[in-house]
Each structure stands twice: as structure tokens, then as C-alpha cells.
Amino acid sequence: MKVLVIGAGNMGLTYAEGMVKSTLLGEKNLKIYDTDPEKILSLKEVSHFDVYDKLEDCLPEADLVFIAVKPYHSDELFAEMKPMINESQIFISLMAGVTIESIQERLGAAKVVRTMPNLPAQVGKGVTSYTESEKVSRVELLAIRNLLDTTGESIHVDTEKFIDASTGISGSGPAYVFYFMNSMLEAAKKMGFSDHDSKVLVSNTFEGAVELFNRNDLSPQTWMNRVASKGGTTRAALDSMDDNNVKDLIKEAAYAAFNRAVELGEK
Ligand SMILES: NC(=O)c1ccc[n+]([C@@H]2O[C@H](COP(=O)([O-])OP(=O)(O)OC[C@H]3O[C@@H](n4cnc5c(N)ncnc54)[C@H](OP(=O)(O)O)[C@@H]3O)[C@@H](O)[C@H]2O)c1
């Protein structure tokens, strides 16, 4: 199985690194293509996979093609790819808000898998949701899932609506967590902690809470009740959040990302 990754940016390189480190692909079976001459040069110096600056040298022989460019670059890219592709190739899009139908139309391809990755894939803790066009077989989908899993976990969804929905939860979600972290860091510094100590306090609090959550079947509400006692400090904080409607505001934010993903797909 020969894999080509188009776009050596954050996501393209993350997936390339994940795939090449796994036992699923040999080094020679993974190629990367990008148009930025400086990026190509530096990748050729440091990376362990083949880097290309011409599509005709890498696209025709690929079985699976990961598309990891920004959506606004896709028109130009697809126009160049179109004359070089064949019907057995499968195109796996990492692009937010770009529908399978739009890829099929512009590329003239039948087999398309649409994914929604997220940034923790960089540390092997990503979550990728994915769905496919009709012509992709179960066997092909299994091979693709195994490749996606090299950056963390993946979940199969039945419709593209859930790709847009997962954009609102996991795709954009790391930024919500950083937002929360940022607020806690600001509070810690305001209380007088040094930058270093603030970071230790906040990052361990997040890491520890996630670990507790993952080790048990208890709901977040149960964990909140375990930390908070009546009339105590945590209750004061949780009451303050409830009074300010923080829960609904977070849900609203997730829906804003979901709706924006739908909107981008309609354009
Ligand atoms: N970053 C995230 O957290 C995240 C999360 C979910 C989904 N995604 C999706 O992942 C995709 C990639 O995002 P990213 O953050 O990795 O973007 P990025 O860092 O900008 O990487 C894209 C790369 O593709 C290159 N490129 C542009 N046009 C090209 C072309 N015609 N042929 C080949 N390469 C081309 C870019 O070069 P230049 O720099 O010269 O333009 C850049 O090196 C996006 O569609 C995004 O929606 C990203």
C-alpha cells in the first residue's frame, strides 16, 4: 500500500509521522508533497520519508492520498491533480468543512473518505472521526482506519453531519481546553504564583482530572460532587460558574463551531 500525503503542514506531517512510525507502512511507501520550496528543502534535510515538489512524480502511483492543505488551496490543487488520478485511488481529506460531494465533483474521484482530525494527534492522542463515499469498500476502510489510529483513536460516523458535529467537539475542542487553561493560568498569576508554578498547578490539574475521568465510569457531575462539599471552596467556584451560565455558554460555543463547519461546507 503506497501512501501520499499532500501538504506538509501541521496535520500532514503529524499523520505522516504517525504512519511512518507504525509497522503498517515501510518508509519507502510513504511520500509527502508540498509546494513550499523552503519547507521541502528543510524536510529533505531532516525527515525520513521521501519529499516531492512535483505531483506527477508521486501522485499517479499512490494508492491512498491524504489531502492536508487548507480548504482555500483545494481548488488549485484539485485542478492540478485531476488529470493524474485513477479510479482505484482513495482520497482521504483532512480538510475542515469540505464535503465529500464537493471533493468528488472537483477532483472527479469516486472513492473519498472525509475525516475530522484534531491537534493532539501530534502527541499520539488525537481523535479522528471519519466517513466515506459509497465506493469505498469495508476492507479499504479498515486499512484507512488502521492508518488514522496511528495518531490516536478514530471513530467511524455514518453521515457527514457528524463530521461537522465532531468539528464542534473534538476538532476545535483543544482550543476550548486551552481557553479554560488560559483563564486558570491568569487567575493563578493574579494570586501571585510565578509563571512556572502557575503552569505546574494548572497542567497537573487538567492531566490528573482527565486521568481520573478515564480510569472510571463516573460522570463529570459525580466527580464534581466528590471535590465539592456543601459550603466549601469548590462549591463556591461551581456556584459562581452556574450563576454566570458558563455551562450553556460552552455548549453554545461548541454549536458555533458546528454551525460554522456546516456553513463552510455549503459554500
Ligand atoms: N490544525 C488543526 O488543528 C486542524 C484540525 C482539524 C482539521 N484541520 C485541517 O487540516 C488541514 C491542514 O491544516 P494545517 O493546519 O496542517 O495547515 P498548514 O499547516 O497550513 O499546512 C498545509 C500545507 O499545505 C501546503 N500547500 C498549500 N497549497 C498546496 C498545494 N496546492 N499542494 C501541496 N501543498 C500545498 C502549505 O504550504 P504554504 O504554507 O506555502 O501555503 C502548507 O505547507 C486544513 O484543511 C484544516 O482544515 C486542521
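Evaluate the stretch 206-218: report whether one residue or more is within 20 Å of Leu249 (Cβ to Cβ), in the same structural domain as Ala261 (by TED's automatic domain parsing), in contact with a helix residue (DSSP H, G or I) (Cβ under 6 Å, 6 or more places away or on another chain) and in contact (Cβ under 8 Å) with a residue 24 or more places away in the chain. So far as the stretch 206-218 goes, no, none of its residues is within 20 Å of Leu249 (Cβ to Cβ), in the same structural domain as Ala261 (by TED's automatic domain parsing), in contact with a helix residue (DSSP H, G or I) (Cβ under 6 Å, 6 or more places away or on another chain) and in contact (Cβ under 8 Å) with a residue 24 or more places away in the chain.
Just one residue in the set Gly7, Gly18 is more than 9 Å from the ligand (Cβ to nearest atom), assigned by TED's automatic domain parsing to the domain that holds Gly97 and not charged (D, E, K, R); that residue is Gly18. Look at the stretch 92-105: where a residue is in contact (Cβ under 8 Å) with a residue 60 or more places away in the chain and a partner is away from the ligand (no atom under 11 Å from the Cβ) and of a type in the set (S, T, N, Q), sitting 6+ places away or on another chain with Cβ atoms under 9 Å, you get Ile100/Thr131; Ile100/Ser133. Just to be sure before I move on: is Ser229 surrounded by fewer than 14 Cβ atoms within 10 Å (Cβ to Cβ), hydroxyl-bearing (Ser, Thr, Tyr) and under 25 Å from the mean Cα position of the chain (by Cα) in the structure I sent? It is false that Ser229 is surrounded by fewer than 14 Cβ atoms within 10 Å (Cβ to Cβ), hydroxyl-bearing (Ser, Thr, Tyr) and under 25 Å from the mean Cα position of the chain (by Cα). Residue-level check: of (1) more than 13 Å from the ligand (Cβ to nearest atom); (2) touching a residue at least 12 places away in the same chain (Cβ under 8 Å), Glu80 misses just (1). State all residues of the stretch 60-77 that are surrounded by 16 or more Cβ atoms within 10 Å (Cβ to Cβ), within 13 Å of the ligand (Cβ to nearest atom) and in a loop (DSSP other than H, G, I, E, B); if no residue qualifies, say none. Residues satisfying the conditions are Ala68, Val69.
Of everything in the stretch 64-84 that is out of contact with any helix residue (DSSP H, G or I) (no Cβ under 9 Å at 6 or more places or on another chain) and of a type outside the set (Ser, Thr, Tyr), the residue that is farthest from Met11 (Cα to Cα) is Pro83. Only residues that are closer than 15 Å to Tyr15 by Cβ and within 15 Å of the ligand (Cβ to nearest atom) were counted in the stretch 25-48, giving 6.
Considering each residue of the stretch 33-47 in turn, at least one proves to be under 30 Å from Leu264 (Cα atoms), in contact with a strand residue (DSSP E or B) (Cβ under 7 Å, 6 or more places away or on another chain) and at pLDDT 95 or above.
Candidates in the stretch 123-147 are the residues that are buried (at least 18 other Cβ atoms within 10 Å of the Cβ) and closer than 18 Å to Ile169 by Cα; of these, the one that is farthest from the chain's Cα centre (by Cα) is Thr131.
I need every pair where a residue in the stretch 231-253 that is within 18 Å of Tyr176 (Cα to Cα) has its Cβ under 9 Å from the Cβ of a residue that is of a type in the set (S, T, N, Q), sequence separation at least 6 or different chains. Within 9 Å, the pairs are Val246/Ser240; Ala253/Ser172. When the stretch 91-102 is limited to residues that are farther than 13 Å from Ala68 by Cβ and in contact with a Ser or Thr (Cβ under 8 Å, 6 or more places away or on another chain), the one that is nearest to the ligand (Cβ to nearest atom) turns out to be Gly97.
When restricted to residues that are of a type in the set (Lys, Arg) and over 31 Å from the mean Cα position of the chain (by Cα), the stretch 232-248 contains 1. The set of residues from the stretch 164-184 being loosely packed, with under 15 Cβ neighbours inside 10 Å and either closer than 12 Å to Arg260 by Cβ or polar (S, T, N, Q) (or both) comprises Asn182, Ser183.
The values are calculated or read from the model by the stated rules, or taken from the named source; none is laboratory data. Model, not experiment: these values are computed from the prediction. As a convention, Cβ positions derive from the backbone with ideal geometry for all residues, glycine included, and neighbour counts pool all protein chains shown.
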